Amino acid sequence: MPPNPDPLVNGEKANRREQILAAAAELFARHGFHGVGIDDIGAAVGISGPALYRHFRSKDAMLGEMLSSISRFLLEGGKARAEQADQAENALAELVRFHVDFALRHPALITVQERNLANLTDPDRKQVRALQRRYVEVWVEAIQSAVRDLDEARARSAAHAVFGLINSTPHSRHLPDEELAGLLGRLALGALHAAR
């Protein structure tokens, strides 16, 4: 299990780089990557825009680190939960719970991740895509272990469908988080078992 519940923070307290990434995520989610300037991000953390260049070489570099951190956090957290589960069904339930919790705690990060892959530099995009593919493989293995007689293509399609369901939460939060988490978990597990 990852030591920290925040994908942009390493350790107990956010350092300046991590504060900048968190502020940038909120702004990118609200206004879009191209709708946010360096001065906007600086103002959100109480420093001048040009002072951000002491921490990141560019806004592109900031986005690259943000999306890489998110993808790494999901991969490491997903692998840990799947490995710690004592049964295949529990591994799948833990993966669903983990992803639902991430989506509800970090709606801005889900939004930025959904909308900004095309804004990454080629090397950052390749790295993020590779991490995302590995995360999907964790799910495919868990789905095939828990849902008998499901071929790999169907398991992969089911995983992506469930990501779509869970990742829609930043745009459709009509229930309190605890109630929504339970509903999403039941819907996701039901959909995965219906894929057979």
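The values are calculated or read from the model by the stated rules, or taken from the named source; none is laboratory data. Keep in mind that what you see is a predicted model, and the values were worked out from it rather than measured. Cβ atoms come from the backbone with ideal geometry, glycine included; neighbour counts cover every protein chain shown. With ligands, DNA and RNA removed, areas are computed over all heavy atoms of the protein, side chains included. Shrake-Rupley method; radii C 1.70, N 1.55, O 1.52, S 1.80 Å.
Within segment 142-166, being among the hydrophobic types (A, V, I, L, M, F, W, C), open to solvent by less than 50 Å² (accessible area, probe 1.4 Å) and not in a loop (DSSP other than H, G, I, E, B) holds for ALA142, ILE143, ALA146, ALA155, ALA158, ALA159, VAL162, PHE163, ILE166. When GLY42, GLY64 are screened for being modelled with pLDDT of 95 or more, open to solvent by less than 30 Å² (accessible area, probe 1.4 Å) and more than 14 Å from THR111 (Cβ to Cβ), only GLY64 passes. On the basis of being at pLDDT 95 or above and either surrounded by 14 or more Cβ atoms within 10 Å (Cβ to Cβ) or within 27 Å of HIS160 (Cα to Cα) (or both), does ARG97 make the cut? Considered against the rule, which asks whether it is at pLDDT 95 or above and either surrounded by 14 or more Cβ atoms within 10 Å (Cβ to Cβ) or within 27 Å of HIS160 (Cα to Cα) (or both), ARG97 comes out as yes.
Considering only segment 153-196, state which residues are of a type in the set (D, E, K, R), under 17 Å from ALA91 (Cα atoms) and either touching a helix residue (DSSP H, G or I) at 6+ places or on another chain (Cβ under 8 Å) or in contact (Cβ under 8 Å) with a residue 24 or more places away in the chain (or both). Of everything in segment 153-196, just one residue is of a type in the set (D, E, K, R), under 17 Å from ALA91 (Cα atoms) and either touching a helix residue (DSSP H, G or I) at 6+ places or on another chain (Cβ under 8 Å) or in contact (Cβ under 8 Å) with a residue 24 or more places away in the chain (or both), namely ARG156.
Looking across segment 73-110, the residues that are under 21 Å from THR169 (Cα atoms) and of a type in the set (Lys, Arg) come down to ARG97, ARG105. In segment 118-133, the condition of being in contact (Cβ under 8 Å) with a residue 12 or more places away in the chain and under 21 Å from ASN90 (Cβ atoms) is met by no residue. Please state which of the following conditions GLN127 fails to meet, knowing it meets all the rest: (1) modelled with pLDDT of 95 or more; (2) within 12 Å of the chain's Cα centre (by Cα). That leaves (2) as the condition not met. Put simply, of ALA103, ALA80, ALA91, ALA130 the only residue that is surrounded by fewer than 20 Cβ atoms within 10 Å (Cβ to Cβ), among the aliphatic types (A, V, I, L, M) and closer than 22 Å to ALA188 by Cα is ALA80.
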